[in-house]
Amino acid sequence: MTDTVAPAGFAASIFDMDGLLIDSEILWHEAEIEILGGLGVPLDPSACRTTKGMFVDEVTAYWHGRYPWAGPTPAEVAVAVVDRVIALVLTKGRLKPGAEHAIDLCAGRGLPLAVASSSPYRLIEAALDHFDLRRHFSLIHSAEDEQYGKPHPAVFLTAAARLGALPHSCLVWEDAPAGVLAAKAASMACIAVPEQGEGHHPAFGLADAVLDSLLDMDDACYERVVAGRFVDATGSRH
């Protein structure tokens with residue numbers, strides 16, 4: 001099958017959620033430290049970042065493998081962590097600066113929008129409903145439906161297929177190194193907005209643009225990403 005691209009550029013835009021649209025990374029850290037710490041896992045925010053982007057069942061299995069605990073299974077602990085994160089999002093969660101701006105920029109270009117996240121559906125839906133973002137997205141897809149989480153590209157590839165878009169014509173928005181790696185493994189363009197202090201990670205060197213904030217995204221930056229993606233040095237489209 002030949003990869004074709006509409007003259008307008010991208011055919012769909014796929015957003016991560018945690019840390020990208022919603023300032024929830026610190027809430028994940030709080031929940032993991034509280035619950036896993038209570039089981040004897042010596043966690044701090046720095047250690048929590050080592051599993052950033054993984055599906056929550058992978059996170060609890062990862063720590064159980066290193067610090068085995070007696071009692072609840074890793075799967076049961078994962079449920080407790082997600083329950084706690086949902087409660088924290090609803091009580092003190094915040095949108096990331098520029099989240100609605102980035103959504104509107106893509107929606108204004110007529111792109112179908114999706115959320116593709118490592119979080120389970122119940123957290124995605126609770127968070128999007130809480131911040132009144134659900135209405136913007138024609139598709140929500142969670143890595144809980146996939147065999148592997150990020151940095152495996154499955155969550156993005158499935159989202160693109162369900163949107164009816166070719167991977168090469170999709171634009172991904174990510175904050176995590178694992179998410180950038182997943183987007184590039186899926187042959188998608190990626191705009192990265194690293195969390196403060198994480199921009200040094202080599203994975204961000206693969207992104208098509210790296211921003212300090214979603215507020216920094218504007219029409220000129222978008223068009224540069226389109227040009228870099230679809231127009232080669234001769235001026236012809238890929």
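The values are calculated or read from the model by the stated rules, or taken from the named source; none is laboratory data. Treat the numbers as computed from the prediction; the structure is a model and nothing was measured. As a convention, Cβ positions derive from the backbone with ideal geometry for all residues, glycine included, and neighbour counts pool all protein chains shown. With ligands, DNA and RNA removed, areas are computed over all heavy atoms of the protein, side chains included. Shrake-Rupley method; radii C 1.70, N 1.55, O 1.52, S 1.80 Å.
If you filter segment 79-129 down to residues that are open to solvent by 10 Å² or more (accessible area, probe 1.4 Å) and hydroxyl-bearing (Ser, Thr, Tyr), you find that the one that is farthest from the chain's Cα centre (by Cα) is THR91. Checked against the criterion of being free of Cβ contacts under 8 Å to residues at least 40 places away in the same chain, part of a loop (DSSP other than H, G, I, E, B) and closer than 24 Å to PRO151 by Cβ, the candidates VAL41, VAL59 yield just one match: VAL41. Within the option set THR51, THR2, being modelled with pLDDT under 95, under 30 Å from CYS190 (Cα atoms), β-branched (Val, Ile, Thr) and open to solvent by 50 Å² or more (accessible area, probe 1.4 Å) holds for one residue only, THR2.
Report yes if some residue within segment 223-232 is in contact with a helix residue (DSSP H, G or I) (Cβ under 7 Å, 6 or more places away or on another chain) and open to solvent by less than 20 Å² (accessible area, probe 1.4 Å); otherwise report no.
Step one: filter segment 223-232 for residues in contact with a helix residue (DSSP H, G or I) (Cβ under 7 Å, 6 or more places away or on another chain), giving none.
No, because not a single residue in segment 223-232 is in contact with a helix residue (DSSP H, G or I) (Cβ under 7 Å, 6 or more places away or on another chain) and open to solvent by less than 20 Å² (accessible area, probe 1.4 Å).
Of all residues being among the small types (Gly, Ala, Ser), touching a strand residue (DSSP E or B) at 6+ places or on another chain (Cβ under 9 Å) and over 18 Å from GLU100 (Cβ atoms) in segment 130-167, which is surrounded by the fewest Cβ atoms within 10 Å (Cβ to Cβ)? Just the residue, please.
GLY164
Just name the residue that is surrounded by the fewest Cβ atoms within 10 Å (Cβ to Cβ) out of those in segment 168-199 that are in a helix (DSSP H, G or I) and aliphatic (A, V, I, L, M). Top of the filtered list is ALA185.
Is it the case that TYR222 is of a type outside the set (Gly, Ala, Ser), at negative phi and assigned to a loop (DSSP other than H, G, I, E, B)? Steps first, answer last, please.
Working: of a type outside the set (Gly, Ala, Ser): yes; at negative phi: yes; assigned to a loop (DSSP other than H, G, I, E, B): no.
No: the conditions fail for TYR222.
On the given criteria, is LEU133 over 14 Å from the mean Cα position of the chain (by Cα) and without any contact (Cβ under 8 Å) to a residue 24 or more places away in the chain? The answer is no for LEU133.
Quick one: is GLU76 assigned to a helix (DSSP H, G or I) and either at pLDDT below 95 or open to solvent by 60 Å² or more (accessible area, probe 1.4 Å) (or both)? Reasoning before the result, please.
Details: assigned to a helix (DSSP H, G or I): yes; either at pLDDT below 95 or open to solvent by 60 Å² or more (accessible area, probe 1.4 Å) (or both): yes.
Spelling it out, GLU76 is indeed assigned to a helix (DSSP H, G or I) and either at pLDDT below 95 or open to solvent by 60 Å² or more (accessible area, probe 1.4 Å) (or both).
Would you pick out the residues in segment 204-215 that are part of a helix (DSSP H, G or I) and surrounded by fewer than 16 Cβ atoms within 10 Å (Cβ to Cβ)? Of everything in segment 204-215, those that are part of a helix (DSSP H, G or I) and surrounded by fewer than 16 Cβ atoms within 10 Å (Cβ to Cβ) turn out to be GLY205, LEU206, LEU215. Report, by residue number, each residue of segment 149-195 that is under 11 Å from the mean Cα position of the chain (by Cα) and acidic (Asp, Glu). Listed by number, the residues that qualify are GLU174, ASP175.
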